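Structure first, then comments.
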Amino acid sequence: MSRLSSGGLIDRATPLAFTFDGRSYKGFAGDTLASALLANDVRLVGRSFKYHRPRGVFSAGSEEPNALVELRTGARREPNTRATMAELYEGLEATSQNRWPSLAFDLLSANQWFSSVLGAGFYYKTFMWPAALWEKLYEPAIRRAAGLGRAAEQADPDSYEKAFAFCDVLVIGGGPSGLLAALTAGRAGARVILADEDTILGGRLNSARTAIDDAAPGAFLARARAELSALPNVRVMPRTTIFGVYDGGTYGALERVGDHLSVPAPFQPRQRYWKIVAKRAVLCAGAFDRPIVFGGNDRPGVMSAQALRTYAVRYAVTPGRNAVVFANNDHAWSAAFDAADAGVKVSAIVDVRETPPPALLAGATARNIRVIAGGEVIATSGKCLSSITVRTRGGTETLQAEVLGISGGATPNLALTSYFGGRPKYDAALAAFVPDQTPPGLSVAGAAAGQFSLAQCFATGAAQGVAAARDAGFAATPAPLPETGDTPTSLSAFWHVQGSKGLAFVDFQNDVSAKDIAIAHKEGFRAVELLKRYTTLGMATDQGKSSNMAGLAIMAELTGQGIGETGTTLFRPPFTPVALGALAGHHREKDFRPTRPTPTHDWARKQGAVFVETGLWLRAQYFPKPGETDWLETVTREVKAVRSSVGLIDVSTFGKIDLQGSDVGVFLDRVYINTFSTLAVGKARYGVMLREDGLVMDDGTTARLADDHYVMTTTTANAAKVYQHLEFCLQVLWPDLDVQLASISEQWAQIAIAGPKSREVLAQVVDAPLDVSNTGLPFMGAVEGRVMGGVKARIFRLSFSGELGYEIAVPARHGEALTRALMAAGAPFGITPYGTEALGVMRIEKGHVSGNELTGQTSARDLGLGKMASTKKDYIGRVMAGRPAFADRDRATFIGFKPVDRAQRLRAGAHFLPLGAVPVMENDEGYMSSVAYSPTLDHWIGLGFLKGGRARIGQKVRAYDPVRGGDIEVEVCDPGFVDPEGERLRV
Amino acid sequence: MSELLAEIPASALVPEGHYGPRTPAPGVVAAQLSQLALATVAVRPNALDLVAELALEKLGLALPHGPRTASAGDLTLVGTGPRRFLAIGEGITGDPLLERLGHAFGKTAALTDQSDGQMVIQLSGPRTRDTLAKLVPIDLDPSVFKAGDAAATLVALIPVLIWQADPAPIYRFAVPRSFTPAFLRALVGAGAEFGLQLTGTGRG
Amino acid sequence: MRIPCPYCGLRDAHEFSYLGDATVSRPAPDMPDAQEAFFHYVYLRENPAGAHEELWYHAAGCRQWLVVSRDTRTHEISGASFARAPKADASHAEVKP
Ligand SMILES: [Zn+2]
């Protein structure tokens, strides 16, 4: 065990059992999986992506490149989980990934012996040719050799949800600067959200022993946390990562609600995706301790110097028996001192600087730590680190070390500042990029702004908190800052040990070495964006948080340009990986999108209806009866029942719009191609609406209930679109018209009955004195009255099926009762409920256009409706519909088809070719849009668009459907297959 | 999807009952209200001032200005857009409501019955705002959205009208009839964490 | 993106649907070169980098058509007003975010 005997923020009273690769271990509450593994001397935790090199824990935070594991098992198995972010819980099961057959003995690690050929550009160079082998050979091979974890193969059993939050000031990060920003803005009365990706507030203060106000940092943290939780206007969100910044002060956040539990608490989601809208935001995301590049720097046991401090101080773990620190900066020394003071045996500090500050030297002496100034680590050895080789002025020396804390300096965590295209600027004194232009409303404080010392963090955090609160309209005042003896850190820029032994890694996760950067340079991929894509630097799941800086510094050395001129690639959201499930929230499976049942849904379900989704609606598609073997048999029965007696269908899904006002007639004349101002009260008319480009937008029937009151119907699919279009016309084009719209789609259930017996059925449900006789309610009549003993109703004598038919509208709550009443009244006639399939068959038999024809590419003339267009008025789309191409005789227009061999089946989507013509595009003459088996004619019939249209009635063409293997002769015919004169409608 | 809704058809109203952990008192109480009449009131051009006068004179209420509510007795008007209101009458049906409004406004406004087109769902209880934070994409903090405020917005892809009926707080939603099952699913999923009591939707 | 609806207040752009350039207006249909004018009205648009007046419909809110002033380079929205002539409803002036 490497657990220190005292200290740390772990709860030693709460031991937790867990397994890694099947072996059992113990940790404590407050551990991460990484700290618990280190405490159990598990130092080899994974294999690298490309070369399968053994890897250990590198960091103690969200930037972790190496320690990726599969967490949990079965349906909850989650690959690429950073062990440094996974909180330990009782029974946690983790598995190493990317190794075969075992972590300790991985056959594929042989890849590393071929690193000379697997280097930068390997994929591009190797798999270019022959391309045909890609699917069969290259991709499977690459996936097996170079992949990370395995996703679960079953559906995720947990739930996810979305939520919205609003605040004056969003503080991102709960370290020293974030705490001060939140406290300052909170005290001023601003609504503050403090989001922190860690479990407990404090950031680096949880890992440091630096005195604040002459006491351990814990005392300050306790006060700060208590004050924040006492402020009712401050909301602290732990385990919450702000992963994106969007327009208008919108921030994406992921709250890990149940990730620290074996299963989420009952009725709680695993994760919650927050959309936070903030007037102002302060980014206090700290900095990453970046590695130094030298041979063997990826060996398990090599970790960041700040991680060494964190494991020692926060988790009371010594990650190896003998620690050495290799750095170029003061901050690494204080990490070494804190680790030593916590109980880690730190034997030496190797600093590339010749003369480190005297105060540090004194600190090292006091702790009995040997100092090697002007030294560089040039090699490491051991399966897990056992020794390092250091080059000094005097030569080389080998030191025993199980852990090597490395630090090339701090890299501000400024990713969020560049999401709007802001380019960070290089600060040579800090050897770091610092934020320059930030997204609107976002300012930066603390280490993320390059203000690395604790005192600077406090000061800038408080200042930005004041500024943000003031911007949001609050009278904020600066408060006294906590006292700390911490001084600004100094460093000497240093990136890469020259002449070290073995592969020197820049990007651990994607196995990009210093040599790969040199190859990219040699081959001309020198711009940072090219360097990134050619070498895959920074393109792994960690997005190069710790590695990018050294990579571009090495490129800068090679090109001789400065680092500032070389520049950095821009970051994009998300900051850390976000599960798709979290983005979907509850919108999955049944709740993928809302389901809209019709008013008669329950009744139809009891009749055994099969339902079909039409947009969001669920409509009855057909009503199979016992003994019927397929849908065609059912639909045929339904059609025959309507044509011979009477049938019933729910048509409530049509869009219905109420129009009132003195100008409705004028208005309708402008939006329909035909005239409605002359429509008599009590009458309905079929109308066609164009878009302004002259193509058909929608069709439907509109009735006039009173002088200044019309009711429009639209197709189910276009209900919302037509409403929006009408509002556009009224608000933008003709704001002076007196027309008031109201959607009544949901208010009225509308039931259609059709068939020669439909009048007899209807007559039984209407209340006196409503007269539904042929004279009282003629074809296209529309009347208001009462049904079923007092229920108000609107009755329209319309037909889509071609039979005598009525649509009866009643308030939606009465829809089912009306249906039952009609079914009872129709029982003597064998009234038959039918669905959308039979309706579709009958409209094809009648040659009516529908959604398959209203494609947005067809004009009224194309659809055979050109004669409806009024020439006495202007209307939307009129001018553009007059373009010559629309009148071209060769344009494909609407027409009917039947198979020459009547036994053959037609297929929608088949293209028309002249008989004997080769099937090439030049010979294409149109396509079949709708087909049906006609029970009335006892053969297949079709509708479609054919060059020349009606002029070709009687001709034969070839219907060619290579997708489904159809290739038959069809005869061109009038689209009105059944009752073309419409006599049945008027009986 | 919440496990607790897995067995309930997406096309059916979520049955009344208690959802979530058993607590001494539910965190959220949701009730689908009946006995309400609804109608849209669309004021004709240039008639807003006149309608405001008529509302005061005949109905005893000050026409809401912007997305707010105004009530007098059993009648509430909710502003839904410029010159547009949703009228809600408690304890009556559509026809009498239209009659009353027609009597008050005459030809100055177009009236359309919506009593069957919208379901009204009321939310109350100590965790109401926490529940609504998962549903409503607007700021319902009491410093921003107060009793008498209203908003038309989108909840779980569903167009709704929300208004705060009481500072307690009590919120009400008008939801298009066919979207009510989906709305209740989202609501129950969001509120179950706090213990949600649902009434008025029948036993399923 | 958040759009300051003059009726509803600041709302997420998800509640709106976009149409485009608000500065074009429907030509008189009876003028001699109407077809040419309509061709321009229907199809031809400037693609400015910078200030743009555009039509948005608050579909999930007040169902009003708005003219929104947006900078196409930054998505910064400097204001929104009802597309309907302001006199139609004098009770709501233009609002700024
Ligand atoms: Zn609005």
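Checking the stated criteria, A:Arg786 turns out to be surrounded by fewer than 22 Cβ atoms within 10 Å (Cβ to Cβ), assigned to a strand (DSSP E or B), over 49 Å from the mean Cα position of the chain (by Cα) and more than 9 Å from every other protein chain (Cβ to nearest Cβ).
Results for (1) outside the structural domain of B:Ser178 (by TED's automatic domain parsing); (2) more than 29 Å from A:Arg813 (Cβ to Cβ), shown as yes or no for each residue.
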{"residue": "B:Gly60", "(1), (2)": "yes, yes"}
{"residue": "B:Gly66", "(1), (2)": "yes, yes"}
{"residue": "B:Leu77", "(1), (2)": "yes, no"}
{"residue": "B:Gly81", "(1), (2)": "yes, no"}
{"residue": "B:Glu90", "(1), (2)": "yes, no"}
{"residue": "B:Thr108", "(1), (2)": "yes, yes"}
{"residue": "B:Leu123", "(1), (2)": "no, no"}
{"residue": "B:Thr128", "(1), (2)": "no, no"}
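Taking the numbered list (1) within 11 Å of another protein chain (Cβ to nearest Cβ); (2) over 15 Å from the mean Cα position of the chain (by Cα) in turn, C:Gln64 passes all entries but (2). Entry remark, the range B:153-173: residues being within 16 Å of the ligand (Cβ to nearest atom) and within 10 Å of the chain's Cα centre (by Cα) number 4 in total. Put simply, of A:Ser48, A:Ser24, A:Ser109 the only residue that is among the polar types (S, T, N, Q) and either out of contact with any strand residue (DSSP E or B) (no Cβ under 9 Å at 6 or more places or on another chain) or modelled with pLDDT of 95 or more (or both) is A:Ser24.
Counting the residues of the range A:379-422 that are more than 42 Å from the chain's Cα centre (by Cα) and of a type outside the set (Val, Ile, Thr) gives 14. The set of residues in the range C:72-87 that are modelled with pLDDT of 95 or more and within 13 Å of the ligand (Cβ to nearest atom) comprises C:Ala80, C:Ser81, C:Phe82, C:Ala83.
Residue under question is A:Ala793, and the condition is that it be free of Cβ contacts under 8 Å to residues at least 60 places away in the same chain, under 30 Å from B:Leu36 (Cα atoms) and either assigned to a loop (DSSP other than H, G, I, E, B) or not charged (D, E, K, R) (or both); does it hold? Considered against the rule, which asks whether it is free of Cβ contacts under 8 Å to residues at least 60 places away in the same chain, under 30 Å from B:Leu36 (Cα atoms) and either assigned to a loop (DSSP other than H, G, I, E, B) or not charged (D, E, K, R) (or both), A:Ala793 comes out as yes. In this structure, does B:Asp139 turn out to be outside any loop (DSSP other than H, G, I, E, B), of a type in the set (Asp, Glu), over 16 Å from the mean Cα position of the chain (by Cα) and within 13 Å of another protein chain (Cβ to nearest Cβ)? Judged against the criteria, B:Asp139 is not a match. If only residues of the range A:175-193 that are assigned to a loop (DSSP other than H, G, I, E, B) and small (Gly, Ala, Ser) are counted, the one that is nearest to A:Gly61 (Cα to Cα) is A:Gly175. The listed residues are B:Asp49, B:Asp95, B:Asp116, B:Asp74, and the only one of them that is of a type in the set (Asp, Glu), more than 14 Å from chain A (Cβ to nearest Cβ) and more than 30 Å from C:Arg84 (Cα to Cα) turns out to be B:Asp74. Give the residues of the range C:60-71 that are under 11 Å from A:Phe728 (Cα atoms) and either among the aliphatic types (A, V, I, L, M) or more than 7 Å from the ligand (Cβ to nearest atom) (or both), sorted by residue number. Of everything in the range C:60-71, those that are under 11 Å from A:Phe728 (Cα atoms) and either among the aliphatic types (A, V, I, L, M) or more than 7 Å from the ligand (Cβ to nearest atom) (or both) turn out to be C:Arg63, C:Trp65, C:Leu66. Taken as a whole, the range B:55-63 holds no residue that is free of Cβ contacts under 8 Å to residues at least 60 places away in the same chain, more than 21 Å from B:Gly148 (Cβ to Cβ), assigned to a helix (DSSP H, G or I) and within 12 Å of chain A (Cβ to nearest Cβ). Only residues that are among the aliphatic types (A, V, I, L, M) and either crowded, with 19+ Cβ neighbours inside 10 Å or within 15 Å of A:Ala720 (Cα to Cα) (or both) were counted in the range C:47-66, giving 4. Across the range B:1-42, the number of residues qualifying as assigned to a loop (DSSP other than H, G, I, E, B) and more than 9 Å from chain A (Cβ to nearest Cβ) comes to 13.
Residue by residue, here is whether (1) assigned to a loop (DSSP other than H, G, I, E, B); (2) in the same structural domain as A:Ala339 (by TED's automatic domain parsing); (3) in contact with a helix residue (DSSP H, G or I) (Cβ under 9 Å, 6 or more places away or on another chain) holds:
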| site | (1), (2), (3) |
| --- | --- |
| A:Ala362 | no, yes, no |
| A:Asn368 | yes, yes, yes |
| A:Thr380 | no, yes, no |
| A:Lys383 | yes, yes, no |
| A:Thr389 | no, yes, no |
| A:Glu397 | no, yes, no |
| A:Gly405 | no, yes, yes |
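Every condition in (1) at pLDDT 95 or above; (2) of a type outside the set (Gly, Ala, Ser); (3) within 16 Å of the ligand (Cβ to nearest atom) is met by C:Pro97 except one, and the failing one is (1).
If the condition is being within 14 Å of chain C (Cβ to nearest Cβ) and touching a helix residue (DSSP H, G or I) at 6+ places or on another chain (Cβ under 8 Å), then the range A:696-725 contributes A:Met697, A:His725.
Against the definition (more than 21 Å from the chain's Cα centre (by Cα), under 30 Å from C:Arg70 (Cβ atoms) and touching a residue at least 40 places away in the same chain (Cβ under 8 Å)), how does A:Val324 come out, yes or no? Criteria not met by A:Val324.
Of the residues making up the range A:244-268, those that are in a loop (DSSP other than H, G, I, E, B) and within 14 Å of chain C (Cβ to nearest Cβ) are A:Asp247, A:Gly248, A:Gly249. Of all residues assigned to the range A:574-589, none qualifies as being touching a strand residue (DSSP E or B) at 6+ places or on another chain (Cβ under 6 Å), more than 14 Å from chain B (Cβ to nearest Cβ), under 28 Å from A:Ala332 (Cα atoms) and of a type in the set (A, V, I, L, M). Is it the case, given these coordinates, that A:Pro935 is farther than 12 Å from A:Pro899 by Cα, under 49 Å from the mean Cα position of the chain (by Cα) and surrounded by 19 or more Cβ atoms within 10 Å (Cβ to Cβ)? Against the criterion (farther than 12 Å from A:Pro899 by Cα, under 49 Å from the mean Cα position of the chain (by Cα) and surrounded by 19 or more Cβ atoms within 10 Å (Cβ to Cβ)), A:Pro935 qualifies. If you go through the range B:162-194 and keep only what is under 23 Å from B:Pro142 (Cα atoms) and of a type in the set (S, T, N, Q), you end up with just B:Gln164. The requirement of being in a strand (DSSP E or B), within 16 Å of the ligand (Cβ to nearest atom), farther than 19 Å from B:Val29 by Cβ and among the aliphatic types (A, V, I, L, M) is not satisfied by B:Leu111.
The values are calculated or read from the model by the stated rules, or taken from the named source; none is laboratory data. Since the structure is predicted, the reported quantities are computational estimates derived from the model, not experimental observations. Ideal geometry is used to build each Cβ from the backbone, glycine not excepted, and the neighbour counts take in all protein chains shown.
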